[in-house]
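Just so it is clear, none of the values below were taken in a lab; they were calculated from the coordinates. These figures come from a predicted structure and were not determined experimentally. As a convention, Cβ positions derive from the backbone with ideal geometry for all residues, glycine included, and neighbour counts pool all protein chains shown.
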There are 2 protein chains.
Amino acid sequence: MYRTHTCGELRMEQVGQQVTLAGWTQTVRKLHKAVTFVDLRDRYGITQLLFGESMSDRLEKEPLGREFVLQVTGIVTERTSKNSNIPTGDIEITVTDLKILNAAKTPPFTIQDDTDGGDELRMKYRYLDLRRNAVKQNLELRYRVNRSVRNFLDTRGFMDIETPFLIKSTPEGARDFVVPSRMNANEFYALPQSPQTFKQLLMVSGYDRYYQIVKCFRDEDLRADRQPEFTQIDCEMCFVEQEDILNNFEDMVKHVFKEIKGLEFNEPFPRMTFDDAMEFYGNDKPDIRFEMKLVNLTDTVKGQGFKVFDEAELVVAISVKGCGEYTRKQLDELTDWVKRPQIGMNGLIYVRYGADGSLKSSVDKFFDETKLKTWAEKANAQPGDLILVLAGREERTRKAMSELRLEMGERLGLRNKNEFKPLWVIDFPLFEYAEEENRWVARHHPFTSPKPEQIALMDDRSKYGQIKANAYDIVLNGTEIGGGSIRIFQRDLQEKMFAALGMTPEEANHKFGFLLGAFEYGAPPHGGIAFGFDRLCSLLGGSESIRDFIAFPKNNSGRDVMLDAPSSIDQAQLNELKIALVKEQQVQ
Amino acid sequence: MYRTHTCGELRMEQVGQQVTLAGWTQTVRKLHKAVTFVDLRDRYGITQLLFGESMSDRLEKEPLGREFVLQVTGIVTERTSKNSNIPTGDIEITVTDLKILNAAKTPPFTIQDDTDGGDELRMKYRYLDLRRNAVKQNLELRYRVNRSVRNFLDTRGFMDIETPFLIKSTPEGARDFVVPSRMNANEFYALPQSPQTFKQLLMVSGYDRYYQIVKCFRDEDLRADRQPEFTQIDCEMCFVEQEDILNNFEDMVKHVFKEIKGLEFNEPFPRMTFDDAMEFYGNDKPDIRFEMKLVNLTDTVKGQGFKVFDEAELVVAISVKGCGEYTRKQLDELTDWVKRPQIGMNGLIYVRYGADGSLKSSVDKFFDETKLKTWAEKANAQPGDLILVLAGREERTRKAMSELRLEMGERLGLRNKNEFKPLWVIDFPLFEYAEEENRWVARHHPFTSPKPEQIALMDDRSKYGQIKANAYDIVLNGTEIGGGSIRIFQRDLQEKMFAALGMTPEEANHKFGFLLGAFEYGAPPHGGIAFGFDRLCSLLGGSESIRDFIAFPKNNSGRDVMLDAPSSIDQAQLNELKIALVKEQQVQ
C-alpha cells in the first residue's frame, strides 16, 4: 500500500493519526533549516507537509524539487495558521518518514493555472500540461458530462451498441480517412465520419433506441479548433416523429445542465425555422442571448438614387441599443472591421439616433431625416441607438451582418458565457446548391427525409431549393451542439434522393447497396440526432476551445506533437500493405 | 406518436383500453376468413393481434407478410386461450385500424432462434440476423455488462478519459493498421493496438484512476474468432502494487457476475503462479472447473529400456476418473486424436486401472504391474481410472497433454458452461525467446516491470529466461479474460528494457521518446489491466464465439460482407493521399 489517504482527504477529525500519503511536490518553502513546508498534490487535492528539525539533515542531503514524486509518513497535526481556501487547510502532516519515489527534472513550464508555457510547448509536454488544475477540471467535467448523458439515456431505454470503425469508404461530403488492408491487398477500409448507416440498420433490426458516445473521423483541412478525430453522442430512435426526438433530447440537455451546472430550464426551448433564423439572425445558429435582430430594408431604401443600395441584392440593418453617441473614430473603426477580408464588405452605413431624437447618417446626401425615421421605425430603434446598415450581394451581406451583430453583442457584453440560451432550429432545406461542384448536395446528409408533403417536388429539379427537410439542429449560444433528422426509410425514396445528388444507380448500389437492401426487409420509420461532445463540453466549461477538453488533442496541422505523429513508416510495412509512396514531384 | 405502448407492455390491467402499437409481423395465422392472428414483435416483446370480420376485406386486399412493419390500433381484449410463455400472453389486441408502414420481401432466412440461414448469408444480411432473439439477447447482455462495469469503476473513482485513435506506428509485437495522412504527405498515423502508453501518461499526469471501454486494432492474420477490431476494458491506477490491482479487479469481476448472472463468489479467486499453471495444467490459462492435473513421470520412467521414454524430454500423465474400462476402440480413437496435426504427437500410452485393481497398459512389454503401480500412485489414480501418458519434446508434449486434458474434461462433461471458475495467474516470465526472430521479446509488453529483486538479472543476457514480471492474467474457464502488469516508471529501467528487446537507443527514442521523457518529470509507480470485453461477454453469455456478441463483426478474412469492405478506392483519393497501389507481381 503506497498510501493510507489521498491528498484531498484529511481533516481535523484525523488529527493525531499516523498516515501515509503519496503525490507530487507542488511547492517547497524552506523557512529555515528546521522548518520546510511542502505542498503535496494528487488528483484529489493538496496537503501541506511539515518537515521539522528531525528531517532537516535528510532534506539537506536529498533536496526536494518541483514535481518530485514522494511517499511520506507522518502525524496529522492541526495547523497554526489555517488556510480556508482548501478543504485540507486546517491540518498539516508532520513528516516522520520520507521516500522519494521518483525525482523530476525542472518542468519546461510551470504547473500552475497561469502557466508560462506557450501552446506548442504545452502540446509537446501534454502529460505535464494535463497536471494543471484548469486542464484537469476540464477533463473531469467531460467525464461527468459523459456519465450524465449515459445515465439519462440508460433511463430512457437507449442501448449502447458499438458500431465498427473499419468500414467502407463512401465519400459524400467530407473526406474519409482510409486504412489499407494487408489481408485484402489493394483494398481499403475507411474510418467512420459517423455511425450513420449503422444506427439506421440497428433501427431496421428493431433495436428501437440506440446510443453511443463514439469517435468519428473527418479528413478535412483543419480550421482553428477542428480536430481530425472528434467525439459524438450518437442517437437513433424508431417509430418516432420529429416531435418525439425534439422532446426527448431537450430533456437530455436539461438533465445535463441540471447535473453539471445546477441550472434548470423551466420553459421549453424556443423553436425557430431555418428561414426565420436566416432572416432575423443571418445564420442558422443564432445566438439568442441578445436581440438585435436583422431588419430587411431592401424595399424601403431602393430606387432613391443611392447607387450602393440600388445595386444591392440585400440591404439589411441592425439597431444597436444605446450606441447613438458612437464617435466618428469608433464608427471608422467599425467600418474597417467590416472591410476586413474575413467579412469582405465594401463599407458600412450608419444612422446615429440622438437622445434628442435627431437622426444623423453617413448617407445624409441621399436620405433626409424623414426617410431615416422610416428606417428607424422599421429597425425598431429608439433615441440613443445606433443603426448599422450593410448592402450588397445577398448571401455575403447577410453573413456579414450576422458577424457584425455578434461583434456588437460582444462589445456590449451581451454574450455572457455563464448565460445559456438553447434553441431548436427546424425546417432546414433538404438540399443546398454547391457552386464549386455545380450540383445539389444534401444539406444534412443523403439519409434525411423531405417533409412528406413536399416529396412530389423531388421530381422537379427546379424545385429542389424549395424542399424542406425533417431536419433540426440544437443551438446553444450561437454554436450548433447537435443536429439530426427523420430519415428516409423507403427504398424508392432513398434511390430518388441518391439520384437527386447525382449518383447513378450503380454508384448508389456500390456505396449503399446494404442500406437500400435493408429498406426492403421491413424498415420502420426512424430518426435521430448527434451531439458534438467536445463542443458541448467546451460550452459547459465556458471555453471557446474544444482542445482544452480533449486529453491528447492534435494541432492545426493534424499533428500530435507529443507523439510526433503522423510519421514515416518502414518500407517493410509499405511492402506488406502493397502500397508505395508517391513523391511530390511525381503527382502532376 | 406512432404508438401508445410497446409490444412487451400490455397486461390484463389494460383490457378495454384503446391502444396503438407498432412493430414487425413475426407470424400470420389465418384461421378462416373472419379470424387472422398476427404476432407483432418489437424489441420489448410480442403481442398477439386479432383481425376479425371487420378487417377481413382489408387483409384480403393487402395481405400481410413476414417482417412487414405495421401500425395497428385496437382494443386490449382478454384472450380465450392464454399463453403463459410470454408476459403479454393473457391479452390480445382486437384490431380496428391497420396501417402498413413498410412492406417486406421474404427474408432470405427465418428470423427464429433456430434459423435456417448459414453463416455467410446471415453475415451478409446482418441487419436481419440482428432481429433474431438469440442475437438480440447477446447485444443486450453486452450492453448490461458495459453498464455494470462502468457503474463499478465510477463508484471506485475511475475516470473515463478518451485517448486518441490516430497515433504513431510503433510496431512491437502485433502489426499496426496504418492511416495515410493527406495533410502530412507520405506520413502515416497508426490505429492503437491498445491505449497503453496513453494510460501510462495519464498516470504520470496524476489522473490516479483511469478507465475506458475502447476499440483497439490489430492487423494480424485472423484465426477463428479473432477480429481486427476488438473492444477492451482498459484500466490503470497509480500508487498501487500488484495486490491492489488484483483486489480491485477481482471485486469488479464479482460485481459483474452478481449483476449479470446473479452469481456470488464468496471466496477470493485462487491465485496460481505461471510455473504451477504450466506444470499442472500445461498452459497459462488453466480451466480449473475440473482437476485432472498433469503429472510429470519423466524421472519415474526413464532409463528402463523403453526408447520412447528414454528419448523424451518430458513424459507426462493425467489420470482420467472412471475411464478404466475404456475399450480398445475408444483408446485407438484417442490415439488418433493426439496424432492429428493440431496436436502433433506420435502416439498415446495408456494404463487401464481396473476396478479390480489390475493394471493393463499399452507398454506392458517394458513396464510390469509393480512399475505401473508407481505411475498410478504418482498420478493419484484409483481403481477404475484411466492413465494417459504422452512423451516427447517438452514444449509440444506439455501443450498436447494440456489439450488432451481439456478434451477428456469435455468428454466427461466437466466443462459446464454455466459453472464459472475464475483465477489469477501471476508471476509470468518477463521475457520469452522468439525462435523465429532469434531474440528475446516481452512476454506481456515492453512496459511491464520485472520483479524488483530480479532487476539485477537484466544485466546478464543468459539470465533473461529466469526473470519474473509483476504481470498477471485473470483466467475464466480456460480463457484469459484480462491481463496486466505493474509498469516500469523509471527512465533508466525502461531504457534497459528496450535495449534488452534489441532496440538501439535511437530506435527507442524515435518510437517512445515521449514516454521516456515523461518518466523524467515525476512519474509515479503505476499499473493496470485490460479485459477483453468481447470475450468476457461471450463467456457470460455462455457462447464460444465472440462474433455473436458484436453487432457488426468481420469474417475470418477481415471482411465486412454486409458492407463489402474493405474495397477499392478512387484514384482521386489515392492521388490526394500521395500513395500508389503496388500490384502483386511488382513485389518480389
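Net charge in the neighbourhood of A:PRO268 (other residues with Cβ under 10 Å of its Cβ; Lys, Arg +1, Asp, Glu -1) is 0.
Other residues within the sphere of radius under 14 Å centred on the Cβ of A:ASP116, judged by their own Cβ, net out at -2 (K and R +1, D and E -1). Checking every one of the GluC sites (Glu not before Pro) in segment B:344-432 against DSSP loop status and a limit of 16 other Cβ atoms within 10 Å picks out B:GLU419.
Charged side chains reduced to their Cβ positions (Lys and Arg at +1, Asp and Glu at -1) give the protein assembly as shown a dipole of some 320 debye around its Cα centre.
For A:ARG58 and B:ASN296, the FRET efficiency from 1/(1 + (r/R0)^6), where r spans their Cβ atoms and R0 equals 45 Å, is about 0.30.
In plain terms, the residue of B:LEU10, B:LEU64 with the fewest other Cβ atoms within 10 Å comes first and the most crowded comes last, giving B:LEU64, B:LEU10.
For segment A:1-82, the ratio of Cα radius of gyration to the globular rule of thumb 2.2 N^0.38 Å stands at 1.03. Amide hydrogen proximity for A:ARG271: with H placed 1.01 Å from N in the peptide plane, the residues at 5 or more positions away or on another chain lying under 5 Å are A:TRP424. Paramagnetic label reach from B:ASN380 (point 7 Å along Cα→Cβ; backbone nitrogen cut-off under 20 Å): within segment B:303-332, residues B:315-324.
Counting from the shortest, the label point at B:LEU501, 7 Å from Cα toward Cβ, is 4.3 nm from the same position in each remaining copy.
For chain B, the relative contact order works out to 12 percent when only alpha carbon pairs closer than 8 Å and six or more residues apart are counted.
Using Cβ point charges alone (K and R +1, D and E -1), the dipole size of chain A about the Cα centre works out to roughly 1300 debye.
Relative to the other identical copies, A:ARG11 shows label-point distances of 4.4 nm, where the label point lies 7 Å from Cα along the Cβ direction and values run shortest first. Relative to the compact-globule estimate of 2.2 N^0.38 Å, the Cα radius of gyration of segment B:240-339 comes out at 1.56. Around the amide H of A:ASP160, modelled in the peptide plane, lie the amide H atoms of A:TYR211, all under 5 Å away and 5 or more residues distant in sequence or on another chain. Across chain B, the longest run free of exposed loop sites, meaning trypsin sites (Lys or Arg not before Pro) lying outside DSSP classes H, G, I, E and B with no more than 11 other Cβ atoms within 10 Å, spans B:366-582. Counting Cβ atoms of other protein chains within 10 Å of each residue's Cβ and taking the mean over peptide A:198-206 gives 6. Relative to the Cα centre, the charge distribution of segment A:176-221, modelled as +1 at Lys and Arg Cβ and -1 at Asp and Glu Cβ, gives a dipole magnitude of about 260 debye.
Pull out a ≥ b ≥ c, the square roots of the eigenvalues of the alpha-carbon gyration tensor of segment B:99-154, then state rounded if a/c is under 1.5, prolate if not and a/b is larger than b/c, and oblate in the remaining case. In terms of gyration-tensor shape, prolate. Sorted from nearest, the other copies put their B:THR94 label points 8.7 nm away, the label point being 7 Å from Cα in the direction of Cβ.
Listed by chain and number, the lysines whose C-alpha is less than 17 Å from the C-alpha of B:LYS496, apart from same-chain residues fewer than 8 away, are B:LYS451, B:LYS463, B:LYS468, B:LYS511. With just the Cα atoms defining each centre, how far is segment B:253-302 from segment B:357-386? Give it in Å. One Cα centre to the other: 27 Å.
Residue pairs exceeding 23 angstrom between C-alpha atoms, taken from A:LYS136/B:LYS254; B:LYS321/B:LYS421; A:LYS30/A:LYS61; B:LYS302/B:LYS378; A:LYS30/A:LYS82; A:LYS136/A:LYS554: A:LYS136/B:LYS254. Once backbone amide H atoms are built at 1.01 Å from N, B:ASN102 has B:VAL69 as its partners under 5 Å, excluding neighbours fewer than 5 places away on the same chain. Cα centroids of segment B:1-77 and segment A:1-53: 69 Å apart.
Whole Å is fine, so just give me how far the alpha carbon centre of segment A:549-576 lies from that of segment B:497-563. About 18 Å separates the Cα centre of segment A:549-576 from the one of segment B:497-563. Shielding by partners for peptide A:69-80, expressed as the average number of C-beta atoms from other protein chains within 10 Å of each residue's C-beta, is 1. Specify whether the C-alpha gyration tensor of the protein assembly as shown places it in the rounded, prolate or oblate class, a ≥ b ≥ c being the square roots of the eigenvalues: rounded for a/c under 1.5, otherwise prolate if a/b is larger than b/c and oblate if not. Oblate, because a/c is 1.5 or more while a/b does not exceed b/c. Take the Cβ atoms of A:GLU311 and A:ASP221, set R0 to 25 Å, and the FRET efficiency comes out at 0.15. With each label modelled as a point 7 angstrom along the Cα→C-beta vector, the A:SER358-A:GLN304 pair spans 2.0 nm.
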